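Asker: Quick one: the structure is below, and I'll ask about it shortly.
A short reminder: the numbers here are calculations on the coordinates, not readings from a lab. For clarity, every value in this text was computed on a predicted model and none was experimentally measured. Positions of Cβ are generated from backbone atoms using ideal geometry, with glycine treated the same way; all protein chains shown enter the neighbour counts.
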Amino acid sequence: MIFLSQLFKSPIETGAIAPTSEKLSKLIVDMANLSEKKFVVELGPGTGVFTKEIMKNIPKKSEFFSLEINDEFVKETKSNNPEATVYHASAKEIKKYLRQHNQDKSDCIISGLPWGALAEDIQIDLLNEIYDSLELGGVFLTIALLQGLMFPPGMRFKKAISSKFKKVERSKIVWNNLPPGFVYHCIK
């Protein structure tokens, strides 16, 4: 219910009618190969379904934090994942929070941001921040919704990541997500 109320209050920030399914959440975390990662950042955790999977799979020696712009989602993510570090902040502030953790770069960024709902300038600004915050060889993983492939913002996002990252792969479609979605796996 929180997703619908937040969708009506802030449709662009929320960008979804329901939390990501457990199956899609597990897929994105499995594709991230967290056992080999030192510093993981999550952008747009929503209610924390990715956060939960990340916390289950991240090695104890690794560091992790999330950035969420919606205050209600920050509270929900913290409630659902009390051991996680969640900041009420924009994804554009990723470098600021990396510095707070004495880091310049991350080797893994996982995103639940609603790329298909974002204007072109915001997409480009966020992608630049993400790219600049990744170490060479670092990975950026994000979900995309199937219907987004048919609309200009989703097509524009696919083109933007393909031109920015050295390698971009797309996962199989997870049909039991509402709406169906998949994962982009991008390597710097």
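Asker: Given axes a ≥ b ≥ c from the Cα gyration tensor, I'd like to know whether segment 141-188 is rounded (a/c under 1.5), prolate (a/b larger than b/c) or oblate.
Answerer: Details: a/c = 3.14, a/b = 1.41, b/c = 2.22.
Oblate shape, in that a/c is at least 1.5 and b/c is the bigger or equal ratio.
Asker: State the dimensionless ratio Rg/Rh of segment 2-187 (Rg: radius of gyration of Cα atoms; Rh: Kirkwood radius). Present the calculation step by step, with values, prior to reporting the outcome.
Answerer: Numbers: Rg = 14.8 Å, Rh = 16.2 Å.
Expressed as Rg/Rh, it is 0.92.
Asker: Under unit Cβ charges (Lys, Arg +1; Asp, Glu -1), what dipole magnitude, rounded to 20 debye, does the chain have relative to its Cα centre?
Answerer: Dipole magnitude for the chain comes out near 500 debye.
Asker: Among DSSP bridges having both ends in the chain, what percentage is antiparallel? Round to the nearest 5.
Answerer: 40
Asker: Projecting each Cα onto the charge dipole of the chain (Lys/Arg +1, Asp/Glu -1 at the beta carbon, about the Cα centre), which of G48, H101, H185 comes out farthest on the positive side?
Answerer: The Cα lying farthest towards the positive end belongs to H185.
Asker: Within the set K95/K188; K159/K188; K52/K159; K26/K56; K26/K96; K158/K188, which residue pairs have Cα atoms separated by over 19 Å? If you can, show how the numbers build up before the last one.
Answerer: Working: K95/K188 17 Å; K159/K188 15 Å; K52/K159 30 Å; K26/K56 10 Å; K26/K96 28 Å; K158/K188 15 Å.
Those over the limit are K52/K159; K26/K96.
Asker: Among all the aspartates and glutamates, which ones have a C-alpha under 16 Å from K60's C-alpha, if same-chain residues fewer than 8 places away are not counted?
Answerer: Counting by Cα, and skipping residues close in sequence, K60 has these aspartates and glutamates nearby: E36, E83, D107.
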